[in-house]
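Since the structure comes first, as structure tokens, the remarks are kept for the end.
FYI, it's all coordinate maths here, none of it is from the lab. Since this is a predicted model, take the numbers as computed values, not measurements. In this analysis, Cβ positions are derived from the backbone assuming ideal geometry, glycine residues included, and neighbour counts consider all displayed protein chains.
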Amino acid sequence: MKIFLKKICLLCSAFTVLFLLFGCTKSMIPNKKSIAVFVPGIMADSPIYKNLAKGVQNAVDQYNLSAGENNKASITILEAGTNQAEWGTKLTALASTGKYDVIISSNPSLPELCAPLTEQFPLVKYILLDASINGNQNIAAISYNQKEQSYLTGYIAGLMSKNHKVGLIAAQEYPIMNNVLLPYYSLGAKASDKNTSVDFRIVGNWYDASKGAELTDAMFATGVDVILPICGGASQGVISSAKEHKIYITWFDENGFSKAPGTVISSCLVNQDIAAKEVTLGYLNNETEWGKTKVVGFAEGYISFVEDDPLYIEYVPSDIRAKLNVLIAGLKNRSVVLPSIE
Ligand code: RBF
């Protein structure tokens with residue numbers, strides 16, 4: 001009798017397993033995608049990172065509105081901090097948990113950290129913005145063409161400079177800084193007046209506001225009167241020093257006019273929130289093109305120059321705004337093509 005009951009029990013369990021495997025409809029099988037956002041740095045004072053998290057969150061919220069209870073996506077945001085030596089370990093730890101289907105991040109240095117992890121943890125995928133990598137079927141990337149962004153910024157800096165001396169304060173040197181951002185900022189500045197010179201200085205990290213102020217003071221002492229900061233939290237120091245010396249700042253990546261009205265005279269944006277939202281929705285709807293980098297820029301609407309902010313209209317003379325408007329229109333309809341720098 002005992003043996004008979006045992007056999008019945010075993011049979012029941014087998015039926016239950018079979019039902020779970022084949023008997024339930026597709027919609028009953030959970031398909032919850034789990035997303036981790038890896039911020040290589042901190043979000044404060046870095047619009048490129050703030051907008052990464054914002055865009056992914058917006059996509060998840062939108063997707064979940066129409067997803068069934070079993071299919072809701074989840075999102076976890078991790079700030080890896082400003083010590084770049086720790087990013088690899090922190091990324092490996094995140095991938096090794098096995099909790100995430102995809103890790104979404106943003107930074108030109110991420111491909112070389114992620115590529116080895118695709119072999120170690122082949123079930124985890126990566127979507128990298130502000131980065132470029134082809135041929136790895138676990139990675140998709142979006143790269144911004146930032147030539148127009150830095151050229152337009154250099155052009156207005158040069159037009160607003162009374163001394164024909166402009167500056168760029170960078171947190172650190174990296175290939176896009178040295179090969180695109182600085183050269184095209186210089187080209188734009190020289191297009192306003194060929195005698196414009198460009199002073200380039202390095203903070204050494206993405207957070208030191210005192211060093212940012214120190215470098216701004218030093219530039220001011222040599223006659224520089226318009227500065228582009230690309231240095232994260234250190235830009236707070238650039239702003240305070242520029243305000244004190246009554247010189248101008250051109251802003252990058254987000255609308256920065258309200259940070260210092262009358263001091264910030266331009267804002268040229270990377271629309272990272274839009275790109276992050278699009279790639280995340282693409283992922284959630286299984287449309288990602290793995291193994292490829294999509295290059296986007298000004299003409300496609302991923303980089304834009306703010307012309308309608310009241311503070312731009314108030315502080316930038318109309319003849320200068322008119323010159324910018326002509327250039328912007330030319331870049332948009334592709335009648336103006338920037339020279340390539342070898
Ligand atoms: N941009 C930021 O705004 N904040 C950062 O903390 C930051 N860290 C970076 C670290 C590395 C190693 C590299 C290569 C770039 C970093 N960037 C950072 C720059 C970013 O990729 C982009 O070039 C600028 O934001 C200008 O659009």
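Filter the trypsin sites (Lys or Arg not before Pro) in region 164-229 to those in DSSP coil with at most 10 other Cβ atoms within 10 Å of their Cβ, and list the result. Please report the intermediate quantities before stating the final value.
Values: sites: Lys165, Lys190, Lys194, Arg201, Lys211; in loops: Lys194.
The qualifying sites are Lys194.
Lysine pairs, Cα distance under 27 Å, 8 or more residues apart or cross-chain: how many in region 222-321?
Details: Lys243/Lys259; Lys246/Lys259; Lys259/Lys277; Lys277/Lys292; Lys277/Lys294.
Close lysine pairs under the 27 Å cut-off: 5.
Take the alpha-carbon centre of region 87-155, take the same for region 286-342, and report the distance between them in whole Å.
Using only Cα atoms to place each centre, the spacing works out to 25 Å.
For a protection proxy built on the mean count of beta-carbon atoms within 10 angstrom, sort 40-49, 293-302 highest first, please. Write out the running numbers ahead of the final one.
Numbers: 40-49: 20.7, 293-302: 16.4.
Highest-to-lowest ranking by the protection proxy: 40-49, 293-302.
Sorted from fewest to most neighbouring beta carbons within 10 Å, what does the list Val39, Val316, Val166 look like? Don't skip to the end; give the middle numbers.
Numbers: Val39 22, Val316 19, Val166 32.
Placing the least packed residue first, the sequence is Val316, Val39, Val166.
Any idea what the dipole of region 231-314 comes to, in debye rounded to 20, about its Cα centre with Lys/Arg Cβ at +1 and Asp/Glu Cβ at -1? Walk me through the numbers on the way to the answer.
On the way: 6 positive and 12 negative charges, 64 e Å.
For this selection, approximately 300 debye.
Treat each spin label as a single point 7 Å out from the Cα along the C-beta direction, and report the Lys99 to Ser318 distance in nm.
About 5.8 nm, to one decimal.
What angle, in degrees between 0 and 90 and rounded to the nearest 10, separates the Cα long axis of helix 147-160 from the longest principal axis of the Cα atoms of the chain?
With rounding to tens, the tilt is 30 degrees.
If all Cα-Cα distances of region 39-121 are sorted into 10 Å bins from 0 onward, what percent lands in each bin, rounded to whole numbers?
15, 45, 31, 8, 0
Quick check: the angle from helix 182-192's long axis to the longest principal axis of the chain, C-alpha only, nearest 10 degrees?
The two axes meet at around 40 degrees.
Given Val37, Gln146, Ile249, which one lies farthest toward the positive end of the charge dipole of the chain, if we put +1 on the Cβ of every Lys and Arg and -1 on the Cβ of every Asp and Glu?
In the chain, that residue is Val37.
Report the number of Lys pairs in region 74-211 whose alpha-carbons are under 28 Å apart, with separation of 8 or more residues or on distinct chains.
16
Would you please put 318-326, 90-98, 332-340, 232-240 in order of how densely packed they are, using the mean number of other Cβ atoms within 10 angstrom per residue and starting with the highest?
Working: 318-326: 12.7, 90-98: 15.3, 332-340: 10.8, 232-240: 23.6.
Output ranking for 318-326, 90-98, 332-340, 232-240: 232-240, 90-98, 318-326, 332-340.
Restricting to the chain, what percent of DSSP beta bridges are antiparallel, rounded to 5?
5 percent
Hey, got a sec? Which GluC sites (Glu not before Pro) in region 75-184 land in a DSSP loop and have at most 13 other Cβ atoms within 10 Å? Let's see the in-between values first.
Working: sites: Glu79, Glu86, Glu112, Glu119, Glu148, Glu173; in loops: Glu173.
Those satisfying the criteria are Glu173.
How large is the helix-only mean residue ellipticity at 222 nm for the chain, computed as the sum of -39500 (n - 2.57) over DSSP H runs with n ≥ 4, divided by its residue count, in deg cm²/dmol to the nearest 500?
-13000 deg cm²/dmol
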